[in-house]
Each structure stands twice: as structure tokens, then as C-alpha cells.
Amino acid sequence: MRTGSLRSPWARAAVAGAVAAGLAAGGLAGVAHAADDPAPLPVTITGPDKVDLALDGTEGEPGQPQIELGLTGPGEYDPDSGTDPEPIPTSGYKVTIDATALKGFAEVGLPESCAVDGLVAVCEESSLYPGDIYNPFWDIRLDLLDTAEGR
């Protein structure tokens, strides 16, 4: 069992809340901008609304991500149509994963495919598709620190 002040359910809830706030600030919605049109395109970030970290260090298989963040583009794609969707015209876009709220709580494994600086990852993409099937996703690993304290 890890030592620290995370023994109470309230402290564990604080950690889960910090995870949710750190990874999903802004209500899991965002905008992308098309190349020729400055009007924003609505997108949705998909993923869990909370992550429970075990006090005994068993947060899933070591090295395996517990969080998969995805992106749902505007419009719908019917996988039964038999054709691949056309990409939505964009000049590219960036997704920022900011886990700074987890500093002192967890070791954060951010996506290797992104530019990582500390607890912030910036993921650059070129194609955006309707729906979620053809859009990228990013894996994140969290491990509770031995020195973690409830806030």
C-alpha cells in the first residue's frame, strides 16, 4: 500500500477530479478551422470522463495506456455505406493535451506521436473526417506517484 494522504475516498475523488480536469478541461468540445473558411468546425474530444488510480499501484498493465482520447469530426459517416468518407477541408489542426493539473499526483505517459514538453503534448494532424472512425486517437498512461497527496 502506498503511503500518503490518498487513503480516503475524498482524496481519491480529488485525484479523479484532477485527472478529469487536467485531461478534459473545456467540456470535451473544441473547434477546428477549415483552410479557406475562418468559421470554426465543431469537433468533439472523446474519452473517459474520469480515471480511477489504485492506491496499491495496480492501475492496469504496466506500460499500457488507460486513456484513449479520440476526435469526432462534424457530420456523420455510415460505415455500412461501403465507401470511405471524404476528408473535411482543413489546413491541418493541433490538439493540445494539458496534464499539468496532475503534477505531484501521477506520472503521465503522453502520446509519443506528439511533441511533448513536460506535461503538455501538442499533436499536429492534417486530416479531419466526419464521425470518429477515421480520425486519430491518442493513448495516455497514468501512474499514481508514491509522493502523491490529496488537495
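The values are calculated or read from the model by the stated rules, or taken from the named source; none is laboratory data. If you're wondering where the values come from, they're calculated on a predicted model, not measured in any experiment. Backbone-built Cβ (ideal geometry, glycine too); neighbour counts: all protein chains shown. Surface areas here come from the heavy atoms of the whole protein model, side chains and all, with no ligands, DNA or RNA. Shrake-Rupley method; radii C 1.70, N 1.55, O 1.52, S 1.80 Å.
Some points to look at:
- Filtered by the rule that a residue be open to solvent by less than 70 Å² (accessible area, probe 1.4 Å) and touching a residue at least 40 places away in the same chain (Cβ under 8 Å), region 99-118 gives 99, 101, 102, 104, 105, 106, 109.
- For region 83-142, taking the residues that are small (Gly, Ala, Ser) and in contact with a helix residue (DSSP H, G or I) (Cβ under 7 Å, 6 or more places away or on another chain), the one that is nearest to residue 69 (Cα to Cα) is identified as 99.
- Of all residues in region 81-95, those that are open to solvent by less than 60 Å² (accessible area, probe 1.4 Å) and touching a Phe, Trp or Tyr at 6+ places or on another chain (Cβ under 9 Å) total 3.
- Residue check, residue 121 out of contact with any Gly (no Cβ under 9 Å at 6 or more places or on another chain) and either part of a loop (DSSP other than H, G, I, E, B) or surrounded by 17 or more Cβ atoms within 10 Å (Cβ to Cβ) (or both): yes
- For region 137-151, the criterion of being small (Gly, Ala, Ser), open to solvent by less than 30 Å² (accessible area, probe 1.4 Å), assigned to a strand (DSSP E or B) and touching a strand residue (DSSP E or B) at 6+ places or on another chain (Cβ under 9 Å) is met by none of the residues.
- The single condition among (1) modelled with pLDDT of 65 or more; (2) β-branched (Val, Ile, Thr); (3) surrounded by fewer than 18 Cβ atoms within 10 Å (Cβ to Cβ); (4) over 15 Å from residue 136 (Cα atoms) that residue 46 does not satisfy is (4).
- The residues of region 124-134 that are surrounded by fewer than 20 Cβ atoms within 10 Å (Cβ to Cβ) and at negative phi, listed by number, are 124, 125, 126, 127, 130, 132, 133, 134.
- Qualifying residue in region 90-100 (condition: within 15 Å of residue 45 (Cα to Cα) and basic (Lys, Arg)): yes
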